[in-house]
Amino acid sequence: MPESRLIQLLKFIRVFGITGGIRLWFSLLLQAGSASLLLRVPGMASPIHLRQRDLPIFWQILVMRENDFQSLPQAARMSDIYNRILAEGKRPLIVDCGGHIGLSTVWFASRFPEALIYCIEPDESNFALLQQNTKPYTNVIPLRGGVWNRSCHLEISNPLSGSASFRLREVFDPVASEEAKLLRAYTIEEIVHKEEANRLFLVKIDIEGAESQVFQESTGWLGNTTMVIIELHDWLLPGQGTSKNFFKRLGESNFDVVLHGENLLLFQAG
């Protein structure tokens with residue numbers, strides 16, 4: 001978030017209007033010394049629970065709205081597809097990979113209220129807040145674990161990092177006494193199969209370099225989704241080529257690609 005209170009206020013007013021923006025700004029000001037915050041964000045059905053260290057993510061998702069594509073020309077087609085899925089008697093399926101404390105999930109739940117949303121997050125502390133933030137939304141299913149290219153056991157490889165920077169690694173052949181402490185790996189394909197009666201609409205991926213694993217093999221779900229929102233992490237892991245597999249799979253598919261903030265927005269073009 002910008003350090004200048006005035007810049008914060010002006011941005012809040014632009015995004016949330018004069019009344020909503022000023023109220024949100026004052027709420028932040030009054031809670032400036034608190035470790036935990038409760039914010040009523042205009043347009044959100046329920047208050048948002050977060051920690052001071054989560055404010056940059058709050059700014060990115062709910063103020064800068066990096067997941068919002070309504071100003072792009074592809075938005076009309078996305079809306080048509082969303083309504084077409086509903087007209088078919090199905091629910092649009094959204095998979096939020098790397099849910100953190102649930103801010104992107106509650107934004108999706110507010111923007112697409114008829115969608116069914118799976119949200120996956122590995123960290124225990126983040127996940128507790130994610131559950132709290134998504135509890136009012138009956139269309140959200142939180143899952144504690146990681147997103148990978150196959151079913152396996154995972155663990156957080158950098159447990160002392162910031163709350164939005166946890167990375168995962170696979171644990172091979174764990175002994176029985178270790179398994180309870182390990183994380184379950186989910187695949188996007190697995191969730192899609194679980195919801196065969198519905199239709200994949202949007203996949204958001206922000207998993208701190210694990211996109212290298214997710215896109216290691218050809219991904220059938222990629223050709224069937226309407227939209228992908230992804231943050232790549234070559235900047236975080238120099239020399240590892242974590243986006244290489246993603247660009248391979250992208251070359252096998254048919255998407256419009258738009259850079260929007262830290263994200264790439266992929267719109268199915270066919």
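Key figures
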read-out: Considering only segment 51-190, percent of DSSP beta bridges that pair antiparallel, nearest 5; value: 35
read-out: HN-Hα J in Hz across segment 114-125 - Karplus 6.51, -1.76, 1.60, θ = phi - 60°, x for Gly and Pro; value: 8, 6, 9, 10, 9, 10, 10, 8, x, 7, 4, 5
read-out: Mean separation of Cα contacts under 8 Å (6+ apart) over length of the chain, as relative contact order %; value: 14
read-out: Viscosity 0.890 mPa s, 25 °C: Kirkwood-radius Stokes-Einstein D of segment 139-270 over Cα pairs, µm²/s; value: 154
read-out: Kirkwood-based Rg to Rh ratio, segment 1-157, C-alpha trace; value: 0.99
read-out: Amide H contacts under 5 Å for residue 153, placed H, 5+ residues apart; value: 171
read-out: Considering only the chain, percent of DSSP beta bridges that pair antiparallel, nearest 5; value: 50
read-out: For segment 143-188, alpha-carbon Rg over 2.2 N^0.38 Å; value: 1.14
read-out: Student exercise, segment 123-270 dipole from Lys, Arg, Asp, Glu Cβ charges, in Debye to nearest 20; value: 180
read-out: Rounded Å value of the spacing that divides the Cα centres of segment 234-270 and segment 24-102; value: 22
read-out: Within segment 35-186: Cβ-based charge dipole about Cα centre, in debye rounded to nearest 20 (Lys, Arg +1; Asp, Glu -1); value: 340
read-out: Integer Hz, Karplus 6.51/-1.76/1.60 couplings in order for segment 180-185, x for Gly and Pro; value: 5, 8, 8, 9, 7, 8
read-out: Test item: Cα-centred dipole of the chain, Lys/Arg +1 and Asp/Glu -1 on Cβ, debye; value: 920
read-out: Among 156, 230, 207, residue whose mean-square fluctuation peaks in a GNM of the chain (springs only between Cα atoms under 10 Å); value: 156
read-out: Nitroxide proxy distance, nm - points 7 Å out along Cα→Cβ at residue 256 and residue 6; value: 3.9
read-out: Positive-end residue of 161, 70, 183, charge dipole of segment 69-208 with Cβ unit charges; value: 70
read-out: For residue 186, residues with placed amide H under 5 Å, excluding near neighbours; value: 146, 147, 148
read-out: Hz values of 3J(HN,Hα) by residue in segment 215-230 - Karplus curve (6.51, -1.76, 1.60), Gly and Pro given as x; value: 9, 5, 10, 4, 10, x, 5, 4, x, 9, 8, 7, 8, 10, 10, 9
read-out: Mean residue ellipticity (222 nm) of the chain, computed from DSSP H runs ≥ 4 via -39,500 (n - 2.57), nearest 500; value: -9000 deg cm²/dmol
read-out: Environment charge at residue 260 (Cβ cut-off 10 Å; Lys +1, Arg +1, Asp -1, Glu -1); value: -2
read-out: Amide H contacts under 5 Å for residue 226, placed H, 5+ residues apart; value: 201, 202
read-out: Per-selection metrics, the chain (Cα): Rg and Dmax in Å; value: 18.6, 58
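Where a number appears in this text, it was derived from the coordinates with a stated rule and is not lab data. None of the values given here were measured: they were computed from a predicted structure. Neighbour counts are summed over all protein chains in view; Cβ atoms, including those assigned to glycine, are modelled from backbone coordinates with ideal geometry.
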